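So the structure is just underneath, and the comments pick up after that.
Values in this text are rule-based calculations from the coordinates and carry no lab data. Since we're looking at a predicted model, the values are computed, not measured. Cβ placement follows ideal geometry from the backbone for every residue including glycine, while neighbour counts extend to all protein chains displayed.
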Amino acid sequence: MTETVRIAISSCLLGERVRYDGESKLQSWLVDCGEVVWVPVCPEVEIGMSIPREAIQIEESYDGIKLFGVESRQDWTEQMNDFTRQRVLQLQAADIAGYVFKARSPSCGIGDVPLMGALGQSVVGKTNGRFCDVLMEMWPELPIVNEVMMLDAKQRAEFLQRVQQNTVP
Ligand code: SF4
């Protein structure tokens, strides 16, 4: 890549120990991406969740899609939605040209997150993480991938090419 590009990334993929279990998910392909400025974002920690913390899950309810603590039943939906709208504006102002999300996360996943039925008893489908979902709605043209796609050299090259094209010189 000839220009330095800025790519947002789920913080745990950079090795930050921000996951619900206090661990990270550092990725080996990071060293194969050239001159990239990685901009870490952890929606769950940034809205005030602790490390470690209880698991959260997405549920279908009578008044829409919700984000609940599995044990506590704390409803994080509005907090996450409000935070995301502000955070996306910040990322746009920071000239972010792409985003690598953590797969299967109830906040960061792209289309692969279990959607639970009412009261969270059973899986009824798949959906986006709540942060990712609002970001995609606000910023549909932003190139996005998850870390599973980035493991594949061809998909990684295609993503980095799209990011390069999306970078303001
Ligand atoms: S997947 Fe997203 S919300 Fe979960 S720890 Fe990683 S950055 Fe934070």
Starting from the Cα of Ser28, step 7 Å along the direction of its Cβ; do the same at Glu141; then give the gap between the two resulting points in nm. 3.7 nm
List the pair-distance distribution P(r) of the chain, using every Cα-Cα distance, as the percent of pairs falling in each 10 Å bin from 0 up to the bin containing the longest distance, rounded to whole percents. 10, 40, 35, 14, 2, 0
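Cut-off is 10 Å between beta-carbons; in what order do Asp133, Asp152, Asp21 appear when sorted fewest neighbours first?
Details: Asp133 21, Asp152 13, Asp21 10.
Lowest to highest Cβ neighbour count: Asp21, Asp152, Asp133.
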If each residue's Cβ is checked for other Cβ atoms within 10 Å, how do Cys108, Cys33 rank with the fewest at the top? Cys33, Cys108
Counting only residues 5 or more places away or on other chains, whose amide H sits under 5 Å from the amide H of Asp112 once H atoms are built in the peptide plane? Arg104, Thr127, Gly129
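So how many Lys-Lys pairs in segment 5-166 land under 19 Å Cα to Cα, not counting same-chain pairs under 8 apart?
Values: Lys25/Lys102; Lys66/Lys126; Lys102/Lys126; Lys102/Lys154.
Summing the qualifying lysine pairs gives 4.
Could you tell me the relative contact order of the chain? Use alpha-carbon pairs under 8 Å, at least six residues apart, and round to a whole percent. Could you put the intermediate results ahead of the total?
On the way: 318 pairs, mean separation 38.4, N = 169.
After rounding, I find 23 percent.
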Cα→Cβ-extended label distance, 7 Å offset, between Ser61 and Arg17, nm: 3.3 nm
For segment 68-169, listing GluC sites (Glu not before Pro) in a DSSP loop whose Cβ sees at most 16 other Cβ atoms within 10 Å gives Glu71, Glu141
Amide H of Val39 versus every other amide H placed in the peptide plane: which residues, excluding those fewer than 5 positions away on the same chain, fall under 5 Å? Ile7, Ala8, Ile9
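What is the order of Ser122, Ser107, fewest Cβ neighbours within 10 Å to most?
Details: Ser122 9, Ser107 28.
Neighbour counts put them in this order, fewest first: Ser122, Ser107.
Rounded to the nearest 500 deg cm²/dmol, what is the calculated helix-only ellipticity per residue at 222 nm for the chain, with -39500 (n - 2.57) per DSSP H run of length n ≥ 4? Present the calculation step by step, with values, prior to reporting the outcome.
Numbers: 5 runs with 49 residues, N = 169.
Counting only the DSSP helices, I get -8500 deg cm²/dmol.
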Treating the angle as unsigned and between 0 and 90°, give the value, to the nearest 10°, between the Cα long axis of helix 77-93 and the longest Cα principal axis of the chain. 10 degrees
Using a cut-off of 11 Å between beta-carbons, work out the net charge of the residues near Glu23 (Lys and Arg +1, Asp and Glu -1, Glu23 not included). +1
To the nearest 0.05, what FRET efficiency results for Leu151 and Leu119 with a Förster distance of 41 Å applied to their C-beta separation? 0.70
Given labels modelled 7 Å from the Cα in the Cβ direction, how far is it in nm from Thr4 to Gln161? 2.6 nm
